[in-house]
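Enquirer: Let me begin by handing over the structure; questions about it come next.
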Amino acid sequence: MLNQQKINHFGKLEMAFEPRRGYTRLVHVYQQPPLKASRELYEGSDPTATVFLMESSGGMVAGDRNEINVKLAPESRVRLKQQSALKIYPSHTGDHCTQAITVEIADEARLEWLPEVTIPFERAKFQADTTIRMKESSTLIWGEIIAPGREMRGEVFDYQAYQSKYKVYVENKLIAFDSIHFKPQEMNFAALGLLEKALYIGSLWIVSPLVKNLNMRDLQDLIQQEQSLQASVTKLTDQAIHCRWLAKEQRTLHKEINRMFEHMTALL
């Protein structure tokens, strides 16, 4: 008999954007399955290039690796959106799925990464590393949501491990570092200071020279309008703020984080 071995996916996606004739264009793209990018989409005369990111395999399994590299030339305006939730399948071999995202944002460029959900299935193991390097004059609005699992199937914190590191550098200076390392079998999420009664975590990172003009009290009032969520805004530097939500269900969280996302894009 033939020795059948699983072939792990190694997805790669490289994208470079720059302004051309009044619009931001995707001037370079390299795609290695299962990762793929759509063509640029535009809304009327808005020069922002909207690109959808796709994962054609339907999810990541043990040993899979995805790498995404994004570069924005000066004055580029880009909005990236995952086509669907990122699904992390059970690890039957004990190996992790890994995802590495690297972003470079040049002077006066702007990147918006719309929030989508990462769903670690029962017995899944996932590692993510996101590194963003930007200039003082550039703008970043980045959202993400972490689910406890396939809640509707009764899978709540049944994965083995979830680890993520998120770093933002401005002019090569680290201004934000967020590390999450969950091992549900070794942790009591209901404990005070952890998730308590929450199941979902939402984050929104905003970095822009215009942040200094924002009224933090107004933002706190705005983010706390939905009483079923726990939410707060933290000012990291004069040009950076972080919003975080804890929620019991996904739909309300998704609605609120998108509302804040659109509010921030309008202000900045």
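The values are calculated or read from the model by the stated rules, or taken from the named source; none is laboratory data. All figures in this text were calculated on a predicted structure; none of them were measured in a lab. As a convention, Cβ positions derive from the backbone with ideal geometry for all residues, glycine included, and neighbour counts pool all protein chains shown. Please note that ligands, DNA and RNA were not included when accessible areas were found on the heavy atoms of the full protein model with its side chains. Shrake-Rupley method; radii C 1.70, N 1.55, O 1.52, S 1.80 Å.
Enquirer: For the range 6-24, indicate whether the set of residues that are in contact (Cβ under 8 Å) with a residue 40 or more places away in the chain and surrounded by fewer than 14 Cβ atoms within 10 Å (Cβ to Cβ) is non-empty.
Expert: Scanning the range 6-24 turns up at least one residue that is in contact (Cβ under 8 Å) with a residue 40 or more places away in the chain and surrounded by fewer than 14 Cβ atoms within 10 Å (Cβ to Cβ).
Enquirer: While we're looking at this one, here's another question. Filter the range 151-172 down to residues that are among the basic types (K, R), modelled with pLDDT of 95 or more and open to solvent by 60 Å² or more (accessible area, probe 1.4 Å), then give me how many there are.
Expert: Within the range 151-172, residues that are among the basic types (K, R), modelled with pLDDT of 95 or more and open to solvent by 60 Å² or more (accessible area, probe 1.4 Å) number 1.
Enquirer: I've got another one for you. Quick one: which strands (runs of 3 or more DSSP E) sit completely within the range 59-175 and have at least 2 residues that are among the hydroxyl-bearing types (S, T, Y)? Show your work before the answer.
Expert: On the way: elements: 65-72, 77-82, 86-88, 97-105, 110-113, 117-120, 125-134, 139-146, 161-170.
Because the criterion is at least 2 residues that are among the hydroxyl-bearing types (S, T, Y), the strands (runs of 3 or more DSSP E) in the range 59-175 that meet it are 97-105, 125-134, 161-170.
Enquirer: Continuing with this model, one more query. Scanning for something crowded, with 16+ Cβ neighbours inside 10 Å, of a type in the set (S, T, Y) and under 30 Å from E151 (Cα atoms), does the range 196-215 turn up at least one residue?
Expert: Residues of the range 196-215 that are crowded, with 16+ Cβ neighbours inside 10 Å, as a first pass: 198-209, 211, 214.
Subsequent filtering for residues that are of a type in the set (S, T, Y) retains 200, 203, 208.
The next check asks that each one be under 30 Å from E151 (Cα atoms); those that pass are 200, 203.
There is at least one residue in the range 196-215 that is crowded, with 16+ Cβ neighbours inside 10 Å, of a type in the set (S, T, Y) and under 30 Å from E151 (Cα atoms).
Enquirer: Among the candidates G58, G44, which residue alone is at pLDDT below 95 and either under 23 Å from S164 (Cα atoms) or open to solvent by less than 40 Å² (accessible area, probe 1.4 Å) (or both)? Walk me through how you get there before you give the answer.
Expert: Values: G44 fails: either under 23 Å from S164 (Cα atoms) or open to solvent by less than 40 Å² (accessible area, probe 1.4 Å) (or both).
Being at pLDDT below 95 and either under 23 Å from S164 (Cα atoms) or open to solvent by less than 40 Å² (accessible area, probe 1.4 Å) (or both) holds for just one of G58, G44, which is G58.
Enquirer: To continue, here is another question. With the requirement that a residue be in contact with a Ser or Thr (Cβ under 8 Å, 6 or more places away or on another chain) and at pLDDT below 95, what does the range 191-223 give you?
Expert: Of everything in the range 191-223, those that are in contact with a Ser or Thr (Cβ under 8 Å, 6 or more places away or on another chain) and at pLDDT below 95 turn out to be Q220, I223.
Enquirer: Oh, and also: Across the range 227-241, which residue is modelled with the highest pLDDT among those that are open to solvent by less than 60 Å² (accessible area, probe 1.4 Å) and part of a loop (DSSP other than H, G, I, E, B)? Before you say what the answer is, go through the steps one by one.
Expert: Start the filter on the range 227-241 by keeping residues that are open to solvent by less than 60 Å² (accessible area, probe 1.4 Å), which leaves 229, 231-233, 237, 239-241.
Pick out the ones that are also part of a loop (DSSP other than H, G, I, E, B) and you get 229, 239.
Details: L229: 92, Q239: 95.
My answer is Q239.
Enquirer: Which of the residues that make up the range 255-268 are more than 28 Å from L174 (Cβ to Cβ) and crowded, with 19+ Cβ neighbours inside 10 Å?
Expert: Matches in the range 255-268: E256 only.
Enquirer: Within the set of pairs 6+ apart or on separate chains, which have a first residue in the range 223-239 that is of a type in the set (V, I, T), a second that is in a strand (DSSP E or B) and open to solvent by less than 30 Å² (accessible area, probe 1.4 Å), and C-beta atoms under 7 Å apart?
Expert: From residues that are of a type in the set (V, I, T), the pairs are I223/A231; I223/V233; I223/C243; V233/I241; V233/C243; T234/I241; T234/H242.
Enquirer: Does P115 satisfy being within 18 Å of E55 (Cβ to Cβ), touching a helix residue (DSSP H, G or I) at 6+ places or on another chain (Cβ under 6 Å) and open to solvent by less than 30 Å² (accessible area, probe 1.4 Å)?
Expert: Working: within 18 Å of E55 (Cβ to Cβ): yes; touching a helix residue (DSSP H, G or I) at 6+ places or on another chain (Cβ under 6 Å): yes; open to solvent by less than 30 Å² (accessible area, probe 1.4 Å): yes.
Judged against the criteria, P115 is a match.
Enquirer: A further question follows. Of the numbered conditions (1) modelled with pLDDT of 95 or more; (2) open to solvent by 20 Å² or more (accessible area, probe 1.4 Å), N188 fails exactly one; give the number of that condition.
Expert: That leaves (1) as the condition not met.
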